[in-house]
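A.B. asks: Sharing a structure, written as structure tokens. Questions coming.
The values are calculated or read from the model by the stated rules, or taken from the named source; none is laboratory data. Here the structure is a predicted model, which is why all the values come from computation and not from measurement. Counting neighbours? That spans all protein chains shown, and the Cβs are built from the backbone with ideal geometry, glycine included. When the accessible area is computed, the model is the full protein with side chains, heavy atoms only, and any ligands, DNA or RNA have been set aside. Shrake-Rupley method; radii C 1.70, N 1.55, O 1.52, S 1.80 Å.
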Amino acid sequence: MKKTRLAGRFLRTTMLTGVAAAMAAPAFAQDDEDDTIIVTGSRLNQANLNSPSPVFQVDAGEIDTRGVTRVEDLLNVLPQAFAAQTSELANGATGTSSLNLRGLGTIRTLVLIDGKRLPFGSPSTSTPNLDLVPTQLVERVDVVTGGASAVYGSDAIAGVANFIMRRDFEGIMFDGQVGAFQDGNGGEFANALLDVNGFDRPGGQLDGRDVLASITFGANTADGRGNVTAFFSYQNQNEIRQGARDYSACAYGPSGPGPDTIGGIGCVGSSTFRRFFTPGGDFFLNESSVLEPFTGAPSQTFNFAPDNFIQRNNERFNFTAMARYELTDNIEAYLDYGFTENTTDSQIAFSGTFFRPFSTNCDNPLLATPVSTGGSLADALGCTAALVAAGTDVPLTAGYRNVTGDPRSSFIGLSTHRS
């Protein structure tokens, strides 16, 4: 028996063309009873079949399956999206969550809830804050990345993400999630590099605890024409430092052969670390308080990695209330209100003097610091006996990290209302 099967989802014109082609094919007497043509397809109403632009849809089932507590964590894994402001960003964090479609920028990505624009995310950026989106009330997300600017303007050049909410929820639903990250930190290369550079191995870690609890309740009117829904959630998340992972406990970089490198890779951090530019050369102040020529070796750089956050701590409240009633078949009265409050710490490495030029007097007793190649810092600065006697100022450029202080930390608190 010979069978021809056309499987998949086709537009109606494709199905008819396939059937017509099969009917037009030459038939043989011995195959009249054996030939069977089976055409399978779907007439389900899909956005991609009746929309002038491709629409990518993520439904509530996908959100539940992934178990994400933040909407941006779901959308940032899409091929159309580039990672933007998330809880994993510390340096330059705004305390918001954002979406960057096609890598064209968050201010060129429009975010909607039921077709209505979200407000500015913070005083420092016009990018919408996804923290306003009540995750448990999302019915689906429609993502459009082509032609949206013709409808919405220049803030939709990258595309549009439209969050469609459930408008008929009835009953009470409690939801809670607890998560954490576990890492054995058993990378052979990473740990070997830490060993030769004298850094402690982080060992196995269980950290970044994240707790989310929410309650949703709603009721439909007796005639089925209206609904009232309210949602409240609370999230509390702990930070994770780069020093808690073997692969991020030091800043990798290319380095020449030496006892503190492996395969040309070393823990090469920032050169802003006890480095001095003088007329006599470029020097590094070693542990013995002696100036030696700066070579850029790992031992002469500052390891800025351990104190940076790879996940910020975060505490967030979210409240959403929605009400609607169909006055007629064509007129609906509705009320939407959203509120979110978010507090977080953004921590990065120690601050310092990043090669700021200044001057020092030649009679400064600290300029007696010896130089390994001979002489002192005063000599390297060109301080002659006459200049020392006169206390003349000479230029000096230095790079130093305030390692005796605390890392740089920015406390960010945001409250946003939407109605």
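A.B. asks: Could you state the angle between the C-alpha long axis of helix 12-24 and the longest principal axis of the C-alpha atoms of the chain, as a value from 0 to 90 degrees rounded to the nearest 10?
C.D. replies: Between the helix axis and the principal axis of the chain, the angle is about 60 degrees.
A.B. asks: Can you tell which of LEU112, GLY146, ASN129 lies farthest toward the positive end of the dipole of segment 103-152, using +1 and -1 charges on the Cβ of basic and acidic side chains (Lys, Arg; Asp, Glu)?
C.D. replies: After comparing all options, I get GLY146.
A.B. asks: Could I ask something else about it? Counting only heavy atoms of protein chains, what accessible area per residue, in Å², does segment 124-240 have with a probe of 1.4 Å?
C.D. replies: On a per-residue basis, 45 Å².
A.B. asks: If I build a Gaussian network model for the chain, linking alpha-carbon pairs within less than 10 angstrom, which residue out of ASP223, ASP183, ASP207 has the largest mean-square fluctuation?
C.D. replies: ASP223
A.B. asks: For a quick check: with amide H placed at 1.01 Å from N, whose amide H comes under 5 Å from ILE113's, ignoring anything fewer than 5 positions away on the same chain?
C.D. replies: LEU118, PHE163
A.B. asks: Also, quick follow-up: For ASP207 and TYR337, compute 0.36 nm times the residue count separating them, minus their Cα-Cα distance, and round to one decimal in nm.
C.D. replies: Going from the current span to full extension adds 43.3 nm.
A.B. asks: Right, next: Enumerate the residues in segment 253-288 having an amide nitrogen under 13 Å from the point lying 7 Å beyond the Cα of PHE354 toward its Cβ.
C.D. replies: 270-273
A.B. asks: If you don't mind, another one. Out of residues 5 or more away from GLY352 or on other chains, whose amide H comes under 5 Å of its own, with H placed 1.01 Å from N in the peptide plane?
C.D. replies: For GLY352, the qualifying residues are ASN402.
A.B. asks: Report the residue, chosen from THR353, THR328, THR397, that carries the largest GNM mean-square fluctuation when the chain is represented by alpha-carbon nodes joined by springs under 10 Å.
C.D. replies: The residue that fluctuates most here is THR328.
A.B. asks: Continuing with the same structure: Please report, as a whole percent, how much of the solvent-accessible surface of the chain comes from carbon and sulfur atoms (probe radius 1.4 Å).
C.D. replies: Answer for the chain: carbon and sulfur cover 56 percent of the accessible area.
A.B. asks: Once phi is turned into ³J(HN,Hα) by the Karplus curve 6.51 cos²θ - 1.76 cosθ + 1.60 with θ = phi - 60°, what whole-Hz value does each residue of segment 276-283 show in order, with x for glycine and proline?
C.D. replies: Per-residue couplings from phi come out as 10, 9, 9, x, x, x, 9, 10 Hz.
A.B. asks: Could you grab the relative contact order for segment 140-274? Cα pairs under 8 Å, six or more apart, rounded to a whole percent.
C.D. replies: 21
A.B. asks: Working with all protein chains in place, sort ILE172, ILE412 by solvent-accessible area computed with a 1.4 Å probe, largest first.
C.D. replies: Heavy-atom accessible area, descending, gives ILE172, ILE412.
A.B. asks: Something else about it: Given all pairs of different Cα atoms, what value in angstroms does the Kirkwood hydrodynamic radius of segment 57-127 take?
C.D. replies: In segment 57-127 this quantity evaluates to 13.1 Å.
A.B. asks: Another question about this same structure. Give me the distance in nm between label points sitting 7 Å out from Cα along the Cα-to-Cβ direction at TYR234 and PHE120, one decimal.
C.D. replies: 3.1
A.B. asks: Using R₀ = 30 Å, calculate the FRET efficiency as 1/(1 + (r/R₀)^6) where r is the Cβ-Cβ separation of ASP393 and THR369; round to 0.05.
C.D. replies: 0.95
A.B. asks: Residues of segment 60-118: accessible area per residue at 1.4 Å, in Å²?
C.D. replies: Heavy-atom accessible area per residue stands at 41 Å².
A.B. asks: For segment 182-244, just list the percent of Cα-Cα distances falling in each 5 Å bin from zero outward, please.
C.D. replies: Spelled out per bin, shortest first, that is 4, 13, 14, 11, 9, 8, 7, 6, 6, 6, 5, 5, 3, 2, 1.
A.B. asks: Just want to confirm a number: the relative contact order over segment 191-268, from Cα pairs under 8 angstrom separated by 6+ residues, in percent.
C.D. replies: Across segment 191-268, relative contact order equals 33 percent.
A.B. asks: Near the amide H of THR272, under 5 Å away, which other amide H atoms are found, from residues 5 or more places off or on another chain, if H is placed in the peptide plane?
C.D. replies: Answer set, sorted by chain and number: PHE302.
A.B. asks: Over all directions, average the projected area of the Cα convex hull of the chain and note it in nm².
C.D. replies: Averaging across all directions leaves 33.8 nm² for the Cα convex hull.
A.B. asks: With a 1.4 Å probe and every protein chain left in place, tell me how much accessible area ASP345 has, in Å² to the nearest 10.
C.D. replies: Counting only protein heavy atoms, the figure is 50 Å².
A.B. asks: Using the Karplus curve 6.51 cos²θ - 1.76 cosθ + 1.60 with θ = phi - 60°, work out ³J(HN,Hα) for each residue of segment 197-212 in order, rounded to whole Hz, and write x for Gly and Pro.
C.D. replies: Calculated HN-Hα couplings, in order: 9, x, 9, 6, 6, x, x, x, 10, 10, 8, x, 4, 10, 10, 9 Hz.
A.B. asks: Work out from phi, with θ = phi - 60° and the Karplus expression 6.51 cos²θ - 1.76 cosθ + 1.60, the ³J(HN,Hα) of each residue of segment 350-359, listed in order in whole Hz, and give x for Gly and Pro.
C.D. replies: 4, 7, x, 9, 8, 6, 7, x, 8, 10
A.B. asks: Tell me the relative contact order for the chain as a rounded percent, counting alpha carbon contacts under 8 Å between residues six or more apart.
C.D. replies: Across the chain, relative contact order equals 13 percent.
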